[in-house]
1. What's the total number of residues in the stretch B:124-138 that are among the charged types (D, E, K, R) and surrounded by fewer than 15 Cβ atoms within 10 Å (Cβ to Cβ)?
2. Answer yes or no as to whether A:F140 is modelled with pLDDT of 65 or more, in contact with a Leu (Cβ under 8 Å, 6 or more places away or on another chain) and open to solvent by 50 Å² or more (accessible area, probe 1.4 Å).
3. Taking the residues in the stretch B:91-123 that are among the aliphatic types (A, V, I, L, M) and open to solvent by 30 Å² or more (accessible area, probe 1.4 Å) as candidates, determine which candidate is farthest from the other protein chains (Cβ to nearest Cβ).
4. In this structure, does A:V55 turn out to be at pLDDT below 75 and outside any helix (DSSP H, G or I)?
5. How many of the residues making up the stretch B:58-85 are within 8 Å of chain A (Cβ to nearest Cβ), touching a residue at least 24 places away in the same chain (Cβ under 8 Å) and not hydrophobic (A, V, I, L, M, F, W, C)?
6. If you check B:E141 against the conditions, is it more than 14 Å from chain A (Cβ to nearest Cβ) and loosely packed, with under 15 Cβ neighbours inside 10 Å?
7. Within the stretch A:348-364, is there a residue that is within 14 Å of chain B (Cβ to nearest Cβ), outside any helix (DSSP H, G or I) and among the hydrophobic types (A, V, I, L, M, F, W, C)?
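The values are calculated or read from the model by the stated rules, or taken from the named source; none is laboratory data. Everything numeric here is computed off the predicted structure, so don't read it as measured data. FYI the Cβ positions are ideal-geometry reconstructions off the backbone, even for glycines, and counts take in every protein chain you see. SASA here: full protein model, heavy atoms, side chains in, ligands and nucleic acids out. Shrake-Rupley method; radii C 1.70, N 1.55, O 1.52, S 1.80 Å.
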Amino acid sequence: MFGTYLYRELSNRRKQTAIIAAGMALAIALVMIVNGVAAGVRDAQATVLASVYGVGTDITITQEPIQPGGGEEGAPQEGPRFEFGAEDGETANGTRALSQSSLTSGIGSSTFDADALTTALSLDSVAAATATLALSNVSFSGEVAAPTTTDTGETAPGEGAQQGGRGGPDGAGGSAFNVDTFTVTGIDVAGESVGPLTSVELVDGRAFESSDSDANVVILDTSYATTSSLTVGDSLEIGGEEFEVIGTVTSTSADATTASNTYIPLDTAQRVADLENQISTVYVQAASSTDIAAVQTALQTELPDASVKTQEDLASSVSGSLATASDLVGKLGTWLSIIVLAAAFLISVLLTTSGVARRTREFGTLKAIGWSNGAVVRQVAGESLVQGAIGGVVGVAIGLLGILAINIAAPVLSASAAATAVAGQGVGAGGGGGGNRFGDAATTTAAATTDIALQIPVTFGIIGIAVALAILGGLIAGAFGGWRAARLRPAEALRSVA
Amino acid sequence: MYELSDLTKKYETKRGPISALNKVSLSIPTGQMVAIQGPTGGGKSTLLQMLGALERPTSGTVTLGDEELSAMPDSRLAEIRARTIGFVFQGFNLIPTLTAQENVETALAPLGLSNSDRRLRARAALEKVGLGERLTHHPSELSGGQQQRVAIARALVKEPKVLLADEPTGNLDEQTRDEIMELLEGLWRDEGLTLIIVTHDSAVAKRAERRLHLKHGSVTEKK
């Protein structure tokens, strides 16, 4: 009887059923799409973060730069400084060819003691940890006018014309030089399960081996290798030393770039950059996701000067239109969902209760012929539940179509995330003492900047939420309608329509 | 069958309490056909609701068989209505979205019968009232007389001991009225029912074994 009555009611009161189901469907579809977009944005953020921090990293430890000048640990490094003596370079036809490279942690970045890695590894809930040293290599090469000798024997730039040759590449005493900057990341060659190299795959050559410790070997990002015309077997000057290219890597994500232009063994990086026992980031993987908060707290306690951040904290470092989309989904989308959902629930409740009011005689009659309160309430609640379920099914279908449409359109979001605050370079020009100095400050970041096509994952979780909301809507409407029906006393119900 | 003792029912209204029944004492034996007449507002429908376990008295008692209705919980009253009492209303009170057969089946729903039993009994009840050919018709597809027949089938399908009819012919023309009354009388006689009819129509009342007159909440026997 329950099923027959329910079917007859819903099929004969199509308008009300359609209004309730449509409202519910709209709300469910919106919730699905908003949740889906949020998941898509989270995935995109994770992709960007993974390209910087590697896959599986739960927590990173860095150190915020402190005021320079103290010379203490954590103080930001100054940019590279190129100083050439009077006899440096080769002079020919009034032109002096100069070349020098410098490897530093750069302006604004800071390093800290590698004991932080030991501290992290000593925690019980830490599954793995590794340390890296983010550096920036600046190479200077070019030609300047050769210095001339004055009567006093001092060197004065640009006076070659008076002394039998103007020099310089243009033959008029000018200068031309190139400054090449690329990022260098020193990593542990032991091959931990966390760190920047977990999000890259080998394209050519080989990966690091334990025997590469303290060796002058380098692995290149394929993009950098291509633009620099370098291949496996070639050599690259880093910090004034020659390195052998042993491999090239690319990001495992089609959308993201790798975190660094080049990778070298950590101890090599420390030696060449003259940063013995110094690191810039520790990557920590917790034993389980439930341990992350506790590990973060423990690390912060053990390392009070360090900045200990989880992936959730790091998500805020993602910038660009992806961050805008994240904000939009987080704020507007969520509120819109809540408002539409509340409106759908309200419409459902109002139509159900008004339906009960309209059917007063019907329910009064059923009670008069022996239906219990429970049976009447079940009938009303059942009708509401089915109306909600119809709305849920239609809403899931609309939501899936909406998600499909977004995935086909694949809106492109740009995003970037910085691995360290700033890794810098400093190239400048100046003079004095017969030499040449170049100090033109600039900054770079060990960052992944990328365009990501938004793809919304369709998960059982999203569909489950939609179905649960539909059932909840039906239950709420049914509860109100049932409550109203239960309050009807049969005599009053019959009398009110007499 | 029924024993009413000092039955009083008062309703609270904005203009003060109204006494619908005033110390009514009455005995209705099993199998009797009773007509209740009286002016509008005299308390006829209230009395019928007391007899039908739809309403509780302000004071006094209503006993059906050996059960005192006024002290029972709602769930037990619903059970008594489901098994013992059949109702027929002036406005038929059929559920518009259900077919004739399904309307009759609603009276069997509280009894926990199987689907097939319910269908068989509903069909038999409709055949008994002459609507065997109208099983799948909705109320809107039936005449007033036919709708009242469906309502009678619904009241009788559970084989009650009492049939309470509130103006059962009030919405019908004379010919249909006579047909319905003949049907009710036949069922009363055949099933051994206690039949209590509230009516304004003296022609209907005259068919009853016993006539009661209700005025200002007090009942008198009418000869």
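1. 2
2. Considered against the rule, which asks whether it is modelled with pLDDT of 65 or more, in contact with a Leu (Cβ under 8 Å, 6 or more places away or on another chain) and open to solvent by 50 Å² or more (accessible area, probe 1.4 Å), A:F140 comes out as no.
3. If we filter the stretch B:91-123 for residues that are among the aliphatic types (A, V, I, L, M), which is where we start, we get B:94-95, B:98, B:100, B:104, B:107-109, B:111, B:113, B:120, B:122.
Retained after the next criterion (residues that are open to solvent by 30 Å² or more (accessible area, probe 1.4 Å)): B:109, B:111, B:113, B:120.
Numbers: B:A109: 4, B:L111: 8, B:L113: 9, B:L120: 14 Å.
Out of the qualifying residues, it is B:L120.
4. It is true that A:V55 is at pLDDT below 75 and outside any helix (DSSP H, G or I).
5. Selection size over the stretch B:58-85: 3.
6. Working: more than 14 Å from chain A (Cβ to nearest Cβ): no; loosely packed, with under 15 Cβ neighbours inside 10 Å: yes.
So B:E141 does not fit the description; no.
7. Among the residues of the stretch A:348-364, not one is within 14 Å of chain B (Cβ to nearest Cβ), outside any helix (DSSP H, G or I) and among the hydrophobic types (A, V, I, L, M, F, W, C), which makes the answer no.
Here is a yes/no grid of residues against (1) within 14 Å of another protein chain (Cβ to nearest Cβ); (2) more than 13 Å from A:G481 (Cβ to Cβ); (3) open to solvent by 20 Å² or more (accessible area, probe 1.4 Å); (4) of a type in the set (A, V, I, L, M, F, W, C):
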residue	(1), (2), (3), (4)
A:L366	yes, yes, no, yes
A:R378	yes, no, yes, no
A:G382	yes, no, no, no
A:G395	no, yes, no, no
